[in-house]
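J.: Mind having a look at this structure? Questions to follow.
Quick note: the coordinates plus some simple rules give every number you see, no bench work behind them. Keep in mind the model is a prediction, meaning the values are calculated, not measured. Neighbour counts are summed over all protein chains in view; Cβ atoms, including those assigned to glycine, are modelled from backbone coordinates with ideal geometry.
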Amino acid sequence: MKRMLSLVLAAVLLLAGCAGGNQSPNGGGEPVHDGKEPVKMSYALAEPVYPEFPQQPQFPEDGDYDAWNEAYQKYIDALIALRGEGNHVTEAEHAALTAFTAKSTPLVLAGQEGKNAIYSPLSLWSALAMLAQCADGDSRQQVLDAMGADGVDTLQDQVEHLWRTLYTDDGMSTLILSNSIWLNSSLQGTYVQDTLDTLAQKYYAGAYAVPMGSGEADQAVTEWVGEQTRGLIGGEQPVVETKPETLALLVSSLYYKAAWQDEFMPERTETDTFTGADGQESRVDFMHRTEDANFIRRDGYQAARLQTHLGEMVFVLPDQGVAPESLLQNQEFLSRLEFYGDACTWGEVQWSVPKFDVDSDLDLMEALKAMGVTDLPDFDRADLTALTDLDAFLSDAKQLARVKVDEKGVEAAAVTIMAACGAGMPPEDPEICVMDLDRPFLFIIRTQDVPLFVGIVNQIA
């Protein structure tokens, strides 16, 4: 039995205005369900229905390979039909996502030297996509420029292509993007219905109305996040604390679950020393495995990857004396982590991977300003008229994340909160790459070359 790798990602965008009423919000239709028990349906105005995903047949234990081949072909045919022609991420869209990751990562992780830091570029990108739809004028253009999008119509196509490309729920692996908008139930006539409709149709966003500024609202959002992320985010502590002046919440989540292609054997796990960025030593359990694979060795670092059935986790080990943060200052660094052609070497990779559980809390506001999003944080210049006729501005932006790695795989979660107020044969003597992660290192989690997480591990308790 293959071990499972799980990744959960959630993004929350909080918008608040400076006026209120006491009646129901304008909203969009009857709840639509996909057969699953929804959270707090008394709040639901409308819910998206995800297409039923074909189930991958289990490899036969009885040796009936003909039947399995037939079932697997049916699965592939159904998968192709689900994806649909023209719904895949284009080369230009992928380039834009890669450029966004390269530009935003060093800005977001600035000032984190010596700390554990985890950043999800896709989480921030998803939050910004919905924000662009809600903004207008120069405020919208600044968000589009930061994302590398030509316009909201282009962005809507990109969201659709990304959703169709990544969506997976075949019984063995799962990757689901979920969006929602939460409206202030005490406000009336403040929301632009066309925008709500666009969020529903183009962003698969469910719509809910809650009494903002109450524990009831915070709990409802937290429970929704918990349901979408299968319990990896959204526990006893609320994911967001709303205020009475909160106008709307835009929530985007990503759930990822896949199996290692080759699992770590628990009996090979041994305790050894990890030396942190501050020189402190800690005793940590290290997982071990040796395999023939491609690796990268360049001035300042070496890198290798662990494959899953739905992507890969790339580990980057800097040379002694090289801080992981310094590698990210080169915007070409992440795009150069390609494991094919002359960029890599085939040989023997000797893995020694620590089991770890790290988290971080990143303030995104300064990074957004550095990316050119300067109007929305300014009350006098912010333009959110595509969503509301109230005066509103972006007052806070941060991302919370956590990553756990053990023999079973990796579990990761992130929540972004933006608050607005008022191969070939090996040689006879193969090259050897020793990936002994006993000092600060980098990791990247990605699928189909779409970056989900970029993390720095400087300390392991």
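J.: How far apart, in nm, are two points set 7 Å out from the Cα along the Cα-to-Cβ line at Ala78 and at Thr271?
T.: According to this spin-label approximation, the distance is 4.8 nm.
J.: Under 5 Å between amide hydrogens, which residues at least 5 positions from Thr190 or on another chain qualify, with H placed 1.01 Å from N in the peptide plane?
T.: Excluding prolines and chain starts, which carry no amide H, the hits are Asn26.
J.: Could you give me the ³J(HN,Hα) list for region 296-304, computed from phi with Karplus coefficients 6.51, -1.76, 1.60 and θ = phi - 60°, whole Hz, x at Gly and Pro?
T.: Result, rounded to whole Hz: 10, 9, 10, 4, x, 6, 9, 9, 8.
J.: Given the -39500 (n - 2.57) contribution per DSSP H run of 4+ residues, what per-residue ellipticity at 222 nm results for the chain, rounded to the nearest 500 deg cm²/dmol? Can you show the working numbers first?
T.: Numbers: 9 runs with 113 residues, N = 461.
Helix contribution divided over all residues of the chain: -7500 deg cm²/dmol.
J.: Could I ask something else about it? Most exposed first by the Cβ proxy, i.e. fewest other Cβ within 10 Å, how do Met265, Met287 rank? Don't skip to the answer; put the middle values down first.
T.: On the way: Met265 12, Met287 20.
Ordered by Cβ neighbours within 10 Å, fewest first: Met265, Met287.
J.: Using the Karplus equation 6.51 cos²θ - 1.76 cosθ + 1.60 (θ = phi - 60°), what ³J(HN,Hα) coupling, rounded to whole Hz, does each residue of region 148-154 give in order, writing x for Gly and Pro?
T.: Rounded to whole hertz, the list is x, 9, 6, x, 5, 5, 4.
J.: While we're here: Which whole-number percentage describes the relative contact order of region 93-215, with Cα contacts under 8 Å and a sequence gap of 6 or more? Kindly include the intermediate steps, with their values, before the conclusion.
T.: Working: 99 pairs, mean separation 25.2, N = 123.
Value for region 93-215: 20 percent.
J.: Continuing with the same structure: List residues of region 310-338, by number, whose backbone nitrogen lies under 16 Å from a label position 7 Å along Cα→C-beta of Arg297.
T.: Residues passing the 16 Å test: 316-320.
J.: Applying a 10 Å radius around every beta-carbon, put 372-378, 131-137 in order of their mean neighbour count, most first.
T.: Values: 372-378: 19.1, 131-137: 23.7.
My ranking of the peptides, most packed first, is 131-137, 372-378.
J.: Please list, or write none, the aspartates and glutamates whose alpha carbon is within less than 16 Å of the alpha carbon of Lys202, excluding same-chain residues fewer than 8 places away.
T.: In chain and number order, the partners are Glu47, Asp153, Asp157, Glu160, Asp194.
J.: What nm distance separates the two modelled labels at Glu216 and His288, each placed 7 Å from Cα along Cα→Cβ?
T.: 5.9
J.: Post the alpha-carbon centroid distance, region 217-291 to region 180-200, in whole angstrom.
T.: Spelled out, the Cα-based centre of one part sits 31 Å from the other.
J.: Could you give the distance between the Cα centres of region 350-398 and region 136-154, to the whole Å?
T.: 15
J.: Also, I was wondering about something else. Quote the Stokes-Einstein diffusion coefficient, in whole µm² s⁻¹, for the chain, based on the Kirkwood radius over alpha carbon pairs, a temperature of 10 °C and a viscosity of 1.306 mPa s. Please list the in-between numbers first.
T.: On the way: Rh = 23.2 Å.
Result for D is 69 µm²/s.
J.: Now, a different point. Exceeding 24 Å between C-alpha atoms, which entries from my cross-link table qualify? They are Lys243/Lys404; Lys115/Lys243; Lys103/Lys355; Lys257/Lys355; Lys103/Lys243.
T.: Working: Lys243/Lys404 32 Å; Lys115/Lys243 31 Å; Lys103/Lys355 30 Å; Lys257/Lys355 18 Å; Lys103/Lys243 33 Å.
Listed pairs above 24 Å: Lys243/Lys404; Lys115/Lys243; Lys103/Lys355; Lys103/Lys243.
J.: What's the ranking of 44-56, 331-343 by average number of surrounding C-beta atoms within 10 Å, highest first?
T.: Descending packing order for the listed peptides: 44-56, 331-343.
J.: How do the peptides 380-387, 275-282 rank, highest first, by the average count of neighbouring beta carbon atoms within 10 Å per residue?
T.: 380-387, 275-282
J.: Here's something else I'd like to know. Based on the Cβ-Cβ distance from Asp436 to Gln193, what FRET efficiency comes out when R0 is 51 Å, to the nearest 0.05? Each step should come with its number before you reach the end.
T.: On the way: r = 58 Å, r/R0 = 1.13.
That gives a FRET efficiency of 0.30.
J.: Rounded to a whole number of µm²/s, how large is the Stokes-Einstein D of region 209-349 at 37 °C and 0.692 mPa s, given Rh as the Kirkwood radius over C-alpha pairs?
T.: Working: Rh = 19.4 Å.
For the chosen part, D equals 169 µm²/s.
J.: Next question, about the same structure. How high is the relative contact order of region 258-413, given as a whole-number percent (alpha carbon pairs under 8 Å, six or more residues apart)?
T.: Working: 239 pairs, mean separation 35.8, N = 156.
RCO, region 258-413: 23 percent.
J.: Additional query: Quick one: the Cα spread of region 38-129 along its three principal axes, in angstroms, biggest first?
T.: Result for region 38-129: principal-axis Cα extents of 57, 40, 32 Å.
J.: Apply 1/(1 + (r/R0)^6) to the Cβ-Cβ distance of Asp357 and Lys398, taking R0 = 22 Å, and write down the FRET efficiency to the nearest 0.05. Walk me through the numbers before you get to the answer.
T.: Working: r = 20 Å, r/R0 = 0.93.
Efficiency, from the Cβ-Cβ distance: 0.60.
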